[in-house]
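Here the structure is laid out as structure tokens; the discussion comes afterwards.
Every number here is computed from the coordinates shown, using simple stated rules; none is lab data. Bear in mind that the values here come from a model prediction, so they are computed numbers and not experimental data. Neighbour counts run over all protein chains shown; Cβ positions are idealised from the backbone, glycine included.
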Amino acid sequence: MSSTVQSGDTVKVHYTGKFEDGIIFDSSVGGEPLEFTIGGSEVIAGFEEAALGMNIGERKTVSIEPENAYGAYNDSLVVDMPKEYFPQDIAPEPGMRLIIVDNNGEELPVVVAGIQEESVRLDANHPLAGKTLVFDIELVAIV
């Protein structure tokens, strides 16, 4: 087995994910390392690409543009839904996460983006869509 990460390898990494302003949004440090297979589409493409060619114990920092992360922010995934469509026992508030069912019966996670007089604005974009992400990565093992 090579000590350099190649396509098809299963790896374990510790990572810290940050926004460009340095605010941390996720980290495995202090917990279990993240395990994934290179080429398995288990993590965002830019993260997989960053791990390729790394050696055990190596650390690196990479900046991943939206197209290699969670994609561009898509305005068409923001809709205004009439308040009357909400069950009586749900009082939507900005930031609230909900699951709605589309016309095909598919469940879709959304966030309440705003409240208007007659409707609720729902955003189905991934919370990290449109953002450049910075990751500090340490290759712990090739398994």
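How large is Rg over Rh for the chain, taking Rg from the Cα atoms and Rh as the Kirkwood inverse mean of 1/r across Cα pairs?
Working: Rg = 19.1 Å, Rh = 17.4 Å.
My calculation of the ratio gives 1.10.
What is segment 2-58 by shape, rounded, prolate or oblate, if you read a ≥ b ≥ c off the alpha carbon gyration tensor as root eigenvalues and call it rounded for a/c under 1.5, prolate for a/b larger than b/c, and oblate otherwise? Since a/c reaches 1.5 and a/b is larger than b/c, the shape of segment 2-58 is classed as prolate.
Under 5 Å from the amide H of Ile115 lie the amide H atoms of Arg121, each residue being 5 or more positions distant or on a separate chain, with H modelled from the backbone and absent for Pro and chain starts. Set the Cα radius of gyration of segment 75-123 against 2.2 N^0.38 Å, with N its number of residues, and you get 1.07. Going through segment 111-143, which GluC sites (Glu not before Pro) have at most 13 other Cβ atoms within 10 Å and a DSSP loop state? Passing sites in segment 111-143 are Glu117, Glu118.
Within the listed set Asp123, Asp26, Asp102, the residue fluctuating most in the Gaussian network model of the chain (springs between alpha-carbon atoms under 10 angstrom) is Asp102. Computed from backbone phi with θ = phi - 60° and the Karplus coefficients 6.51, -1.76 and 1.60, the 3J(HN,Hα) list for segment 11-28 is 10, 10, 9, 9, 8, 10, x, 9, 7, 4, 7, x, 6, 7, 10, 6, 7, 9 Hz; x is used for glycine and proline.
I need Val11, Val101, Val110 ordered by Cβ neighbour count within 10 Å, fewest first.
Val101, Val110, Val11
Think of it as helices only: each DSSP H run of n ≥ 4 in the chain is worth -39500 (n - 2.57), and spread over all residues that comes to -1000 deg cm²/dmol at 222 nm. Taking every lysine pair in the chain that is 8 or more places apart or spans two chains, those with Cα atoms closer than 24 Å amount to 4.
Dipole check for segment 75-123: with +1 at the C-beta of Lys and Arg, -1 at the C-beta of Asp and Glu, and the Cα centre as origin, the magnitude is about 120 Debye. As a rough footprinting exposure proxy, the listed residues Glu58, Glu20 were ranked by other beta carbons within 10 Å of their own, and the order from fewest upward is Glu20, Glu58.
Cα centroids of segment 54-123 and segment 27-48: 22 Å apart.
Close amide H pairs (under 5 Å, H built 1.01 Å from N) link Glu42 with Thr37, residues at least 5 positions away or on another chain.
Largest GNM mean-square fluctuation across Leu52, Leu122, Leu77, computed for the chain with C-alpha springs under 10 Å, falls on Leu77.
Simple point charges give the picture: +1 on the Cβ of Lys and Arg, -1 on the Cβ of Asp and Glu, and for the chain a dipole about the Cα centre of about 440 debye.
Just rank Lys60, Lys18, fewest to most, by other beta-carbon atoms within 10 angstrom.
Arranged by neighbour count, lowest to highest, Lys60, Lys18 become Lys60, Lys18.
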